[in-house]
Amino acid sequence: MARITTQSAFTDLAFSPDDTRIISAERTRQVRIWDAATLQPIQVLPHPAEVYTVSYHPQGSSIVSASADGIARVMPVGTADLLRRVTQATLQPASRSECTTYGQLDGC
């Protein structure tokens, strides 16, 4: 059985809908994407605060993370681009282009 080896403590893990990737929320202020077959890191997404939780969109088109700074970040899979930054004060429905580009988001 393979193991993920890292210096960081995980706060959450999630598998992609197709089970080919794992994302980890880490206390070291990052989200890491792993290859599920080899357990090798593919990408690191830095955050300004400890990351508490992560999840994949059901279609696998984006990931969401929530961190200690009170911000949820939605990012398309495969890039470090920020698709959406959500705080309680800025919570708003998804735009038509977000719904078209990234599939069924909440508010579509």
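Points worth noting:
- Residue satisfying all of: in segment 12-27; surrounded by 15 or more Cβ atoms within 10 Å (Cβ to Cβ) and β-branched (Val, Ile, Thr); farthest from Arg84 (Cα to Cα) among these: Ile22
- Selection of first residues in segment 40-55 that are touching a residue at least 60 places away in the same chain (Cβ under 8 Å) and of second residues that are assigned to a strand (DSSP E or B), restricted to Cβ pairs under 7 Å at least 6 apart or on distinct chains, gives an empty result.
- On inspection, Ala25 fails the criterion of being assigned to a loop (DSSP other than H, G, I, E, B), of a type in the set (A, V, I, L, M) and under 19 Å from Gly70 (Cβ atoms).
- Considering the conditions (1) β-branched (Val, Ile, Thr); (2) modelled with pLDDT of 85 or more; (3) in a helix (DSSP H, G or I), Thr53 is excluded by exactly one of them, (3).
To keep it simple, each residue is scored yes or no on (1) modelled with pLDDT of 90 or more; (2) under 9 Å from the mean Cα position of the chain (by Cα).
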residue: Thr5; (1), (2): no, no
residue: Phe10; (1), (2): no, no
residue: Thr20; (1), (2): yes, no
residue: Arg32; (1), (2): yes, yes
residue: Ser67; (1), (2): no, no
residue: Gly70; (1), (2): no, no
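- Candidate set from segment 9-22 (those that are outside any loop (DSSP other than H, G, I, E, B) and among the aliphatic types (A, V, I, L, M)); member that is farthest from Gln59 (Cα to Cα): Leu13
The values are calculated or read from the model by the stated rules, or taken from the named source; none is laboratory data. Every value quoted in this text rests on a predicted model; they were computed, and no experiment measured them. Virtual Cβ from ideal backbone geometry, glycine too; neighbours counted across all protein chains shown.
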